[in-house]
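The structure appears below as structure tokens.
The values are calculated or read from the model by the stated rules, or taken from the named source; none is laboratory data. In this text, all values refer to a predicted model and were calculated from it rather than measured experimentally. Backbone-built Cβ (ideal geometry, glycine too); neighbour counts: all protein chains shown. Just so you know, the surface numbers come from the protein's heavy atoms only, side chains and all, with ligands and any DNA or RNA stripped out. Shrake-Rupley method; radii C 1.70, N 1.55, O 1.52, S 1.80 Å.
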Amino acid sequence: MLLVAYLSFTHWGGLGTPAFAGLDNWTRLAGDPLMHRAVGLSLLLTVASWALQTPISLLLGVWAAGRQRGRAILSAVFFLPLLLSSAAVAIIWRALLDPNFGPPAWLGPALGLGTLDPLGGGGSAFWVIVFVAAWQFIPLHMLLYQGGARQIPATLYQAARMDGAGRLGMFWHITLPQLRNTMTTSSVLMVVGSLTYFDTVLIMTDGGPGTDTTIVPYLMFRAGFRSWELGYASAIAFTLVIVATLIALVMVRLTGFGSMRSTREGM
């Protein structure tokens, strides 16, 4: 990180000695319209990923913590996407969404919509990235919620049943409050992961079509390893580290995660 911070004040093409450039890279960063768009897309990806993944992960995790028939087998099936590398996931979904050879080649005409190209235009490529990220990482957060739900004392639910509480009431008044710390942990991992999401974008869309999926990590890669402007790429990288760290600290502070000694405190 210290090296990246130093390089952000230089002009360097990867060879030779970096030349000190003062605040040139940072001035360019502040006025770069492509960076502004990339920041907006990264924030949208973060918010959309959290809004999609959190409720699904929570519900699946709480369900997987129960004793339903077939729970273990279905939990293992749900967990499979996490075992694949991001590169493999991106290649699989790019093939599945191919407008010439994948399901869109026959699904579109069958529905009377013509040829479908989810990754090629119409503003759908970004939302495909959101979906693929959710498909891959929901199992991780499901596992976190499953572990958290299993730590909730059964006596709480027994007492609630005696008081006449239903399933929805027990979920709202017992399960959710007891999973507060788990939700904070999951959210921090989700936010930081979304802000640094890169390999799936590179393989599936290469930042396109146009700049529809050019998020900040991809812009950093393109500046550093295609344009060989490693000083400017370092400024982008250091900004990303600072923003992700600040967001994580704010989330921990606002949720009171750091001051809680136990999920049962205050009961």
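So here's what we get for this one:
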| item | result |
| --- | --- |
| Phi to ³J(HN,Hα) by Karplus 6.51 cos²θ - 1.76 cosθ + 1.60 over the range 157-167, Hz, x for Gly, Pro | 5, 4, 5, 5, 4, 5, 8, x, 6, x, 4 |
| Sulfur and carbon atoms: percent of accessible area, the chain [1.4 Å] | 69 percent |
| 0 to 90° range, to nearest 10: angle between helix 33-64 axis and the chain longest Cα axis | 20 degrees |
| Anisotropy class of the range 68-157 from Cα gyration tensor, a/c 1.5 cut | prolate |
| Solvent-accessible area of HIS173 with every protein chain in place, 1.4 Å probe, in Å² to the nearest 10 | 140 Å² |
| Accessible solvent surface per residue of the range 38-95, calculated while the other protein chains remain in place, 1.4 angstrom probe, Å² | 54 Å² |
| Trypsin sites (Lys or Arg not before Pro) within the range 27-112, DSSP loop, no more than 12 other Cβ atoms inside 10 Å | ARG67, ARG69 |
| C-alpha long axis of helix 86-96 to longest principal axis of the chain, angle in ° | 90 degrees |
| Theoretical FRET efficiency, 1/(1+(r/R0)^6), r = Cβ-Cβ of HIS173 and HIS11, R0 41 Å, to 0.05 | 0.10 |
| GNM flexibility winner over the chain from GLN146, GLN68, GLN136 (Cα, springs under 10 Å) | GLN68 |
| Calculated FRET value between ARG67 and PHE131, using beta carbons and R₀ = 41 Å, to 0.05 | 0.85 |
| Of (1) 54, 42, 35; (2) 72, 72, 31; (3) 72, 55, 27, the label for Cα extents along the principal axes in Å derived from the coordinates | (3) |
| The chain, helix-only ellipticity at 222 nm - DSSP H runs n ≥ 4, -39,500 (n - 2.57), divided by all residues, nearest 500 | -21000 deg cm²/dmol |
| Net length gained if the chain between LEU2 and ARG180 were fully extended (0.36 nm per residue, minus Cα distance) | 60.6 nm |
| Within the range 34-54: backbone nitrogen closer than 14 Å to the THR245 label point (7 Å, Cα to C-beta) | none |
| Surface accessible to a 1.4 Å probe, per residue, for the residues of the range 108-267, Å² | 50 Å² |
